[in-house]
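Everything below concerns the one structure shown next.
The values are calculated or read from the model by the stated rules, or taken from the named source; none is laboratory data. As the structure is a prediction and not an experimental result, all values here were calculated from the model. Reconstructed Cβ throughout: ideal geometry from the backbone, glycine too, with neighbour counts over all protein chains shown.
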Ligand code: FES
């Protein structure tokens, strides 16, 4: 049995005890604090050379309009085109509880899970976003964006 399976089995066990919601998480996280972090969801470095986005591709069309954004679920990144005409990229993984629910609107990043907000530099702008978001460097060469 590997570590992931052990964590699932522990959670399943607690659920079978009749615990749910906050009481379940209180007991589950109390067993070991490392169980509250999904190690596979921590934002890590991107592949060498970065990730490219072709602005002429239909899938990236939103990046040609200020305020638009694209989510890359393969690499867990969100790329946005800000209202001042710069490109910014952050991790898709929220620093609050690790949900992959970061979106972009009205010049800020927003997590739809519990409402964490972050400015264009990744700095948290409310309590749930206080830990900030990992940001990446974005370079533009012609119609190609590279996130690294
Ligand atoms: S996981 Fe994003 S606000 Fe809670």
Is it true that residue 58 is closer than 25 Å to residue 139 by Cα, at pLDDT 70 or above and surrounded by fewer than 15 Cβ atoms within 10 Å (Cβ to Cβ)?
yes
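Conditions tested, residue by residue: (1) exposed (fewer than 14 other Cβ atoms within 10 Å of the Cβ); (2) closer than 26 Å to residue 49 by Cα; (3) more than 13 Å from the chain's Cα centre (by Cα).
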| position | (1), (2), (3) |
| --- | --- |
| 72 | no, yes, no |
| 81 | no, yes, yes |
| 137 | yes, yes, yes |
| 140 | yes, yes, yes |
| 146 | no, yes, yes |
When region 106-124 is examined, which residues are found to be away from the ligand (no atom under 12 Å from the Cβ) and in contact with a strand residue (DSSP E or B) (Cβ under 8 Å, 6 or more places away or on another chain)?
108, 119, 120, 121, 122
In region 98-117, anything more than 10 Å from the chain's Cα centre (by Cα), surrounded by 17 or more Cβ atoms within 10 Å (Cβ to Cβ) and not in a strand (DSSP E or B) is listed as 116
From the list 93, 144, exactly one residue is more than 15 Å from residue 62 (Cβ to Cβ) and touching a helix residue (DSSP H, G or I) at 6+ places or on another chain (Cβ under 7 Å). Which is it?
93
